[in-house]
Amino acid sequence: MAIKITDECINCGACEPECPNNAIYEGGVDWAITDGTSVKGDYTLMDGSVVDAEKRFEPVSNDVYFIVPDKCTECQGFHEEPQCAAVCPVDCCVPDEMYEETVEELLAKKDKLHV
């Protein structure tokens, strides 16, 4: 499952540079699939919709850092554990029960993001 950042976030920013998929954004910042990935052209999101990888989306949160579930792979294929959770000083990077994925699905997502 993807990782999410809870409202306990203190906006320290320690997590953002640790993400190998650039799935973490500061609150209030628009995001795109192409940010920090090698994706070009059409991309199929987890909900099945197809978007241009360069399309900018509104922030998931305006107040605290957030993780884009469509880009989060829990660091599978990069590290042994999610790096955001490993560096978070207040333990607010937790599994997101809304996005349950197997290791195989997370690795497939990683491969899709880094062609």
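None of the figures in this text is laboratory data; all of them are computed from the coordinates on show. Remember, predicted model here, so these are calculated numbers, not experimental data. When we count neighbours, we look across all protein chains shown, and the Cβ atoms used for this are built from the backbone with ideal geometry, even at glycine.
Here are the numbers:
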| read-out | value |
| --- | --- |
| Whole-Å distance, taken between Cα centres, linking the range 80-115 and the range 11-56 | 13 Å |
| Kirkwood hydrodynamic radius over Cα pairs of the chain, then Stokes diffusion coefficient at 25 °C and 0.890 mPa s, in µm²/s | 174 µm²/s |
| Ranking of Thr73, Thr6 by count of other Cβ atoms within 10 Å, fewest first | Thr6, Thr73 |
| The chain, relative contact order [Cα under 8 Å, separation at least 6], % | 40 percent |
| Fewest-first ranking of Asp70, Asp52, using other Cβ atoms within 10 Å as the exposure measure | Asp52, Asp70 |
| Theoretical ellipticity at 222 nm over the chain - DSSP helices of four or more residues, -39500 (n - 2.57) apiece, nearest 500 | -3500 deg cm²/dmol |
| Reach of Lys55 by Cα under 15 Å, taken over aspartates and glutamates that are not fewer than 8 positions away in the same chain | Asp30, Asp35, Asp42, Asp70 |
